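Undergrad: One structure is given below, represented as structure tokens, and several questions about it will come after.
The values are calculated or read from the model by the stated rules, or taken from the named source; none is laboratory data. What you are looking at is a predicted structure, and each value in this text was computed from that prediction instead of being measured. A quick note on method: Cβ atoms are made from the backbone with ideal geometry, for glycine too, and the neighbour counts reach across all protein chains shown. SASA here: full protein model, heavy atoms, side chains in, ligands and nucleic acids out. Shrake-Rupley method; radii C 1.70, N 1.55, O 1.52, S 1.80 Å.
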Amino acid sequence: MFCARLVPHSKLTLSRFGAARFNRGAAALVPLRVGAVATSAFLLCHAAAAQTPPTRPAPPASAAASAADQPVSLQAERISGRPDIEAVAEGAVELRRGNVLIRADRLTYRSAEDLARATGKVRLDRDGDHFSGSEMQLQMQRFEGYVLNPEYFFARTQAGGRAERLDLLSPDRSRLVRADYTSCPRAGGGAPAWLLTSERVTLDFEANEGVAEGAALRFFGVPILAAPVLSFPLTDARKSGWLPPSLNLDNRSGIEVGVPYYWNIAPQRDATLTPTLRSRRGLGLDSEFRYLEPRYRGSVQLNLLPDDRVAQRSRHSLRALHAGLAPGDVNYSAEVSRVSDDSYWKDFPRDTATLSPRLLPQDLQAERSFERGGVSWSLYGRVQHWQVLQDALAPIESPYQRSPQLGLSGRARLGGGINASLQTEFNRFTLPDGASATRLDGQRWHALAALERRFEFGGAWLTPRVALNTASYRTEQPMADGRRQASRTIPSLSVDSGLSFERDAQWFGRPLRQTLEPRLLYLNTPYRAQNTLPVFDTWGKDFNIVSLFSDNAFSGVDRVSDLHQLTVGATTRLLDPDSGVEAVRLGLGQRVLFRDSRVTANPDGSPDGATLEQRVSDLLVFGSSKLGRLWTLDGALQYSPESQRATRSILGARYSPGPFRTASLRYRLTRDVSEQFEFGWQWPVYGPASDGTPATEACRTSIYSVGRVNYSRRESRITDSVAGLEFDSGCWIARVVAERLSTGRTEATTRLLLQLELVGLSRLGSNPLQVLKDNIPGYRLLREKRDETPPPPVFRE
């Protein structure tokens, strides 16, 4: 039976039960008048609920209740009906059950079938989805029915369109007949910027799949894609199927077109296969396989070009990464990178995504950590080989291979607050094929041991430290002095100390807290002759604030600098007392030598340089400052007292007046070696300022320019550069990116990447986003939050 409750206002307050009030003569509900507007409302309850006496209070409905457990409320200007059979509503009709709301001019609701039929200006709302048309029929509980001549919008894709008929098959499945689909507005009734038309479209949100039959995709009225059957994802979740084609233009390969197929093998595994046609080189296949298991993860990328018409041979590249946790809590990882020939990195720079494209590693590592006798130990092993891509015009020196590397390191806290550390390691060093025959192969065992104690006195600290560095060598070929075996042991003593002061200060009227942190490091390492020993993995350290306070001027084990010196440094910072944000940082450091140093590095970093007689080292000055919200400055300067000029410097400035408005300029100088300028930016060139929200909210159009340019003043040329335009209309985004990579003094690889993103559908073209993120500091998508933190200044070539 119906249960109905009339209320004297236009908005119905829902209740599970209520008393019925009928006009028995007409067998209809009596309308109530509120002012000049006639309003009737009643609450329809399920038969199971109606069997409960009205006087008995009902329990509150659960938040997880299904549609079948929800009451049906009906509101209109006029309502009539027959108990237990149907209700007929006319004029500003609203029918609601749970999250389903139907508005119409006229509506009939049949209680037994739980069926609503509406005509006139019909609108159906459910969880943000909207459907409007001339006629609708809906089985409320199962959410099955149809809408004629609908206009529809799906909240999950932020897109919709028009159709002749919409069939609602279930809460997650719909079918459209002779429909179109877009996320763009139809300004003034005109055609949207992009439009997908189809004879029939089936949307399955549970399977995350849309299937369009007889589909055609138009962009500003121009057909750009057509297919008898077109499948597309409805959310960002993974789904098997063909992806939009990619397009690149490359000065070495010509026009490159790829059509990726994505295979969602399992929730923890997937693969992408991309047949690729290069106009100059021929047909190839790019593939990637990824996996993520509870105890291991990894990926494999294999690119094949069976017949390169330019090189007249087969070419390929392989990159495999794997990491996991083996039984016994052993952490292990493996990396393999290989290409078919030395010129591969020039012809296909995207396929060798490593920090050093001419040094491709094959690396296997394993490590096990444990505790024994109160000592934390780490046992590790490694095998590391290299493929070196040589160029006759610019040869490079091959690094040594470790075949293998075995080590043990431990740390312990002894009595009296003394900390002890030990590392011992065995390496067998070999050279890759094609390396210079004058270099030595051999073995090295070394041990590094240290004892230290830290004392703290309020704002002061003192750390004395003694260390021992010992190594033993055995080589396949004779060393410089004719021996095949040699060893050396070098002790070292250091005392590190520092103070910390702070006080309240003012900076342009702004209250701040200033700190002053002076530091002294005394170091004494005796001289031991090492120039006849081989050099396997050692190089001079860069001159920066970290290496300034280290106990050895070399990285690696093969050389230990003989230093009797005092390092002096100080840092001052200005901090916001409330947030702790650093507004200014300034520091300096310098070494004072008490005797000549005979184990030194050459200017290029190679060991066995000339004796250092300079008593006062170069002065290092560094600093950074955030001037308000807009400007960030940072820099580092290495000043030589002998030549009385800067030998190396890095100076940078960054201007960020708002979201997606960033410009940066950086200057790098290494005296007599290189001098470079770098300019990077992300800036709007057209349209209103963006606050990071999608442009669809205000139907705005914006064009953003992004880029980075490196200019070598010494060579008077642009070395590397990337620049692009990002056109955002809200419902579609176009990106054009040009990239130039130097592969030699007179050679460069240039490519053009194009992408069209149809919001709510897919991306067409190549993927320049990763190129922009890799090359432009601070770059973020228009829909991402910008990172305000600038990188710290470092000396790095």
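Undergrad: From the set of residues in region 643-683 that are more than 16 Å from Val706 (Cβ to Cβ) and not in a strand (DSSP E or B), which is most open to solvent (accessible area, probe 1.4 Å)?
TA: Result: Gln644.
Undergrad: Let me ask you something else. Select, from Glu293, Glu288, Glu209, the only residue that is under 27 Å from Leu318 (Cβ atoms), surrounded by 14 or more Cβ atoms within 10 Å (Cβ to Cβ), out of contact with any helix residue (DSSP H, G or I) (no Cβ under 7 Å at 6 or more places or on another chain) and among the acidic types (Asp, Glu).
TA: Answer to the selection: Glu288.
Undergrad: Further question on the same structure: For residues in region 418-468 being aromatic (Phe, Trp, Tyr) and open to solvent by 30 Å² or more (accessible area, probe 1.4 Å), which is nearest to Ser500 (Cα to Cα)?
TA: Trp461
Undergrad: Continuing with the same structure: From the set of residues in region 407-417 that are of a type outside the set (A, V, I, L, M, F, W, C) and surrounded by 14 or more Cβ atoms within 10 Å (Cβ to Cβ), which is farthest from Phe536 (Cα to Cα)?
TA: Among those that are of a type outside the set (A, V, I, L, M, F, W, C) and surrounded by 14 or more Cβ atoms within 10 Å (Cβ to Cβ), it is Arg411.
Undergrad: Give just the number: which of (1) under 30 Å from Asn531 (Cβ atoms); (2) open to solvent by 30 Å² or more (accessible area, probe 1.4 Å); (3) in a loop (DSSP other than H, G, I, E, B); (4) not hydrophobic (A, V, I, L, M, F, W, C) does Arg629 not satisfy?
TA: Every condition holds for Arg629 apart from (1).
Undergrad: Would you mind finding the one in Asp481, Asp562, Asp504 that is among the acidic types (Asp, Glu) and farther than 30 Å from Leu637 by Cβ?
TA: Asp481
Undergrad: How many residues are closer than 19 Å to Ile490 by Cα and buried (at least 19 other Cβ atoms within 10 Å of the Cβ) when one looks only at region 577-595?
TA: Number of matching residues: 0.
Undergrad: Moving on. Give the number of residues within region 111-155 that are among the hydrophobic types (A, V, I, L, M, F, W, C), more than 41 Å from the chain's Cα centre (by Cα) and either open to solvent by 10 Å² or more (accessible area, probe 1.4 Å) or modelled with pLDDT under 90 (or both).
TA: Count: 4.
Undergrad: I would also like to ask the following. If I filter region 710-722 down to residues being open to solvent by 40 Å² or more (accessible area, probe 1.4 Å), in contact (Cβ under 8 Å) with a residue 12 or more places away in the chain and in a strand (DSSP E or B), which single residue comes out as farthest from Gly680 (Cα to Cα)?
TA: So, considering only residues that are open to solvent by 40 Å² or more (accessible area, probe 1.4 Å), in contact (Cβ under 8 Å) with a residue 12 or more places away in the chain and in a strand (DSSP E or B), the one farthest from Gly680 (Cα to Cα) is Ile718.
Undergrad: Residues that are surrounded by fewer than 19 Cβ atoms within 10 Å (Cβ to Cβ), of a type in the set (Ser, Thr, Tyr) and in contact (Cβ under 8 Å) with a residue 12 or more places away in the chain: does region 601-608 have at least one?
TA: Looking through region 601-608, at least one residue is surrounded by fewer than 19 Cβ atoms within 10 Å (Cβ to Cβ), of a type in the set (Ser, Thr, Tyr) and in contact (Cβ under 8 Å) with a residue 12 or more places away in the chain.
Undergrad: Which of the residues belonging to region 183-199 are of a type outside the set (S, T, N, Q) and touching a residue at least 12 places away in the same chain (Cβ under 8 Å)?
TA: Cys184, Pro185, Ala187, Ala191, Pro192, Ala193, Trp194, Leu195, Leu196, Glu199, listed by residue number.
Undergrad: Residue by residue through region 156-182, note down the ones that are open to solvent by 20 Å² or more (accessible area, probe 1.4 Å), touching a residue at least 24 places away in the same chain (Cβ under 8 Å) and part of a loop (DSSP other than H, G, I, E, B).
TA: Correct list: Arg156, Gln158, Pro171, Asp172.
Undergrad: For region 730-747, which residues satisfy the criterion of being more than 21 Å from the chain's Cα centre (by Cα) and open to solvent by less than 20 Å² (accessible area, probe 1.4 Å)?
TA: Listed by number, the residues that qualify are Gly730, Cys731, Thr743.
Undergrad: Before we move on, is Thr750 open to solvent by 40 Å² or more (accessible area, probe 1.4 Å), closer than 21 Å to Trp683 by Cβ and modelled with pLDDT of 65 or more?
TA: So Thr750 fails the test.
Undergrad: Does Leu521 meet the test of being at pLDDT 95 or above, aliphatic (A, V, I, L, M) and more than 36 Å from the chain's Cα centre (by Cα)?
TA: yes
Undergrad: If a residue counts only when it is under 16 Å from Gly442 (Cα atoms), open to solvent by 20 Å² or more (accessible area, probe 1.4 Å) and touching a residue at least 12 places away in the same chain (Cβ under 8 Å), which strands (runs of 3 or more DSSP E) contained entirely in region 470-576 have at least 1 such residues?
TA: Because the criterion is at least 1 residues that are under 16 Å from Gly442 (Cα atoms), open to solvent by 20 Å² or more (accessible area, probe 1.4 Å) and touching a residue at least 12 places away in the same chain (Cβ under 8 Å), the strands (runs of 3 or more DSSP E) in region 470-576 that meet it are 485-499.
Undergrad: Would you confirm whether any residue within region 193-205 is more than 17 Å from Gly760 (Cα to Cα) and touching an Asp or Glu at 6+ places or on another chain (Cβ under 6 Å)?
TA: yes
Undergrad: Shifting gears a bit: Given (1) in contact with a Lys or Arg (Cβ under 9 Å, 6 or more places away or on another chain); (2) of a type outside the set (Ser, Thr, Tyr); (3) open to solvent by 60 Å² or more (accessible area, probe 1.4 Å); (4) at pLDDT 90 or above, identify the lone condition not met by Arg598.
TA: The failed condition is (1).
Undergrad: Quick one: in region 91-110, of everything that is out of contact with any Gly (no Cβ under 9 Å at 6 or more places or on another chain) and open to solvent by 30 Å² or more (accessible area, probe 1.4 Å), which residue is farthest from Leu148 (Cα to Cα)?
TA: In this case the residue turns out to be Gly98.
Undergrad: Right, here's the next one. Identify, please: which residue in region 227-247 is touching a Gly at 6+ places or on another chain (Cβ under 8 Å) and either touching a residue at least 40 places away in the same chain (Cβ under 8 Å) or not in a strand (DSSP E or B) (or both) and is, among those, farthest from Leu741 (Cα to Cα)?
TA: Out of the qualifying residues, it is Leu234.
Undergrad: Pairs, please: C-beta under 7 Å, at least 6 apart or cross-chain, first residue closer than 14 Å to Thr662 by Cβ and in region 625-640, second exposed (fewer than 13 other Cβ atoms within 10 Å of the Cβ) and at pLDDT 85 or above?
TA: What qualifies is Leu630/Pro657.
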